[in-house]
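One structure below.
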Amino acid sequence: MGVASTNTIAYKLVASGSILDLFDDEDILVSDNITGLFDVGTLPVDFSRTIVLPATKKNNAFFEHVYDISIDAPYLFSTNVKVDAYLDFDGIYLASGYLQLNKVVLKGDLGILSYEVSLFGAVSSWAKEINNNYLTDLTSLAEFNHTASYNAISQSWNGNLFNGDIVYPLADYGKGYRFEQGSLQTFGINDFDGALTVQNFKPAIRLKRVWDACFEQFGYTYTGSFWNQPFLDDVYMFCNNSLKYPEFSGVDLENYGTIKVGPISGSGMVNVNLPSGSWVTLPWYNEMSDPQNFYSNGAYRVDKPTNLEGNLNISINVSASLNNLPGTFSVNGRWGFRMIETGSGTVRGLTALQSYLSYFDQLQQSRTGSINQDFQLPTQFKLYDIPTGSYYFQIQQSPNFPLPTALPVVTLDPNGTTKSFLQITQVNQAADGRIMDIPSNMPFATTGIKIIDFIKGVQKKFNLVIYPNKTKPKEFIVETFNDWYKKGVRKDFNRYINLNEPIEVVPANNLAVNQLNFGDTLDQDYISQQFSKGANREFGKSYFTDTTNFFSQGTLEVKTTFASSPLLQIAGTGLSGSVGGITPPSQTQFFVGECRFGYQFEPAQTCTSPAVIFTYTYSGTLQTGLIAYRDIYGQQPITGLRFITGPSGGIIYELDPVTGMIGSMTGYYC
């Protein structure tokens, strides 16, 4: 509605406790437009008007005191000062907010003639204050800061982190999650070698806690029953500030420790011989990518104990007899990869390159005769339990049979090619133990998300109305449109209507739409995409059709600024793969690597025996002194096991129950 005041209606403008003088012919359009209740980001919202006040003695005294206006220099005043004010419209309409001086009108020797001020209603006042602030400015959310750890993440799944106000959902922020099955290393998130780590999880915060902070931080409060509804306890907002990883002070995880290095042609880095059974340091100095300077002079720096994920792509030439190829599943066959400390020579992260073993094993079984062939062999790898220090990377190949059998000749980057490269793609424990600062992890988008836009999004999503409490300053009432509408009362405004002006009446049912669709923006995370494919609709979208109003027509799309996603845990997932996190769970049996074992004393019998079984060792090769079984992090040996038996009870290999190492009677594998 719009109402113009008349001289017969008394209204008062009260600022900072002072009743200001008004011009006798001043008309103020008092607007209480219903649309303002639904969009706090569109000023004037509940009330916002410009008023011209006369330069009376009372008004001069007020502005001299509040705005520091000098009689000698009236054009100088404090433009950023605002004072509490309200407009009393004949006791019927009460608009509270604040008053701000815009300009002073002067005329020659007459001095000040008038003051132009703006009166902002309470919602307008609040909207203006939060309009210049972003979600990342909500410092009061620091009460939810915590240490990033496996313990914190797993606690959140049971509602035990800040009483459920913070939860860590499974969402793909750009890493590219995948599920894979296979007998060898698969590196899917359902596999130990591809397990997610602490830095792959971002927190989500209860929506109500962010809403509360938007009011409390700026000195406002609100009432209403809407936010007391139980279903809102399960509505969260992702703290997705930037790219793949959370934000931590003093470190950029997006490229922390990542490198890509390879050889340089004609520099001793190509045509490198890989002698059978010998470890060869990768002589690569071409730094194709090293954004944070973790690689120097062929050595890689580790700043905190961690596991490392990466890709190895080698270009090799193999000249060999077919029954003695490098690194098949045999007694002597090996493709190994490791790190060696530059100073002490200590070996770390020994692992078998199982895809290479599998490839040459299949090649050997699929053909006859000798070979002289070039190969381009890509593989993923994971190196476990690497302490701080500086390391070289080393590779090793061993064929089926040692001398005197003719050994294969393996050349790395033959004919001067430079196709090989090594990549570290993730330092798995880069986030462990760091402080998760919730304010700095609030959503930011491209240029920042303003608090006012967040409020508008929530308001539209839940069809809320927000209006000031007429009796308590700086307090709002927040409720759904239906609840607000039911509280309506009939008022007689006839005496405020200027009958000399045209009056237009539009039947409300002519404004109704036939179809109303409520929805959010489709998110790109893994779970949202799976829901969309399975349900054939976007998560969080609802459809309504008006079948009772004959006059309704058209479609109204109500689309919020939010992207909804269901919170759930996919079966078989949840272990982070971190080195114990801050508080690791109890040890459970886990296997690293793969070999085929039998309990026959001859290798040939082992490979053809129907009793052959699959089991696992740490390095993928059968040697005494190696750890057979480790905990879920690949760190601590599983102890207390005496021996492993075959299907008929025969011992395949013995274990030291104290150390967990493979002992005597280790049998054979193929």
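Only one of the numbered conditions (1) part of a strand (DSSP E or B); (2) touching a Ser or Thr at 6+ places or on another chain (Cβ under 6 Å) is violated by L407, and that is (1). Restricting attention to region 412-425, does a residue exist that is in contact (Cβ under 8 Å) with a residue 60 or more places away in the chain, more than 43 Å from the chain's Cα centre (by Cα) and open to solvent by 50 Å² or more (accessible area, probe 1.4 Å)? Scanning region 412-425 turns up at least one residue that is in contact (Cβ under 8 Å) with a residue 60 or more places away in the chain, more than 43 Å from the chain's Cα centre (by Cα) and open to solvent by 50 Å² or more (accessible area, probe 1.4 Å). For region 363-373, taking the residues that are modelled with pLDDT of 85 or more and not hydrophobic (A, V, I, L, M, F, W, C), the one that is surrounded by the most Cβ atoms within 10 Å (Cβ to Cβ) is identified as S370. Within region 454-490, being hydroxyl-bearing (S, T, Y) and under 35 Å from the mean Cα position of the chain (by Cα) holds for Y467, T480.
Picking from residues in region 386-411 that are modelled with pLDDT under 90 and surrounded by fewer than 18 Cβ atoms within 10 Å (Cβ to Cβ), the one that is nearest to Q354 (Cα to Cα) is F401. Does region 147-172 hold any residues that are open to solvent by less than 40 Å² (accessible area, probe 1.4 Å) and within 14 Å of Q199 (Cα to Cα), and which are they? Correct list: A148, S149, Y150, A152, I153, S154, Y168, P169, L170, A171, D172.
When region 244-295 is filtered for residues that are over 30 Å from F444 (Cβ atoms) and of a type in the set (D, E, K, R), only E287 remains. Looking only at residues of region 200-212 that are in contact (Cβ under 8 Å) with a residue 60 or more places away in the chain and touching a Ser or Thr at 6+ places or on another chain (Cβ under 9 Å), we find that the one that is farthest from D437 (Cα to Cα) is N200. Residues in region 545-563 that are closer than 25 Å to A204 by Cα and outside any loop (DSSP other than H, G, I, E, B) were compared, and the one that is least open to solvent (accessible area, probe 1.4 Å) is V558. Please verify whether region 182-192 includes one or more residues that are open to solvent by 40 Å² or more (accessible area, probe 1.4 Å) and not in a loop (DSSP other than H, G, I, E, B). No, every residue in region 182-192 fails to be open to solvent by 40 Å² or more (accessible area, probe 1.4 Å) and not in a loop (DSSP other than H, G, I, E, B). Among residues of region 428-453 being open to solvent by less than 10 Å² (accessible area, probe 1.4 Å) and more than 15 Å from the chain's Cα centre (by Cα), the one that is nearest to Y236 (Cα to Cα) is I451.
Yes or no, residue by residue, for (1) closer than 30 Å to W126 by Cβ; (2) in contact with a helix residue (DSSP H, G or I) (Cβ under 8 Å, 6 or more places away or on another chain); (3) touching a residue at least 40 places away in the same chain (Cβ under 8 Å):
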{"site": "P246", "(1), (2), (3)": "no, yes, yes"}
{"site": "T258", "(1), (2), (3)": "no, no, yes"}
{"site": "G266", "(1), (2), (3)": "no, yes, yes"}
{"site": "L274", "(1), (2), (3)": "no, no, yes"}
{"site": "V280", "(1), (2), (3)": "no, no, yes"}
{"site": "N297", "(1), (2), (3)": "no, no, no"}
{"site": "N311", "(1), (2), (3)": "no, no, yes"}
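Quick one: is D212 among the acidic types (D, E), touching a Phe, Trp or Tyr at 6+ places or on another chain (Cβ under 9 Å), more than 19 Å from F562 (Cα to Cα) and not in a loop (DSSP other than H, G, I, E, B)? So D212 does not fit the description; no.
The values are calculated or read from the model by the stated rules, or taken from the named source; none is laboratory data. Quick caveat, the model's predicted, so the values are computed rather than measured. Ideal geometry is used to build each Cβ from the backbone, glycine not excepted, and the neighbour counts take in all protein chains shown. Remember, those area values only see protein heavy atoms, side chains included, never the ligands or the DNA or RNA. Shrake-Rupley method; radii C 1.70, N 1.55, O 1.52, S 1.80 Å.
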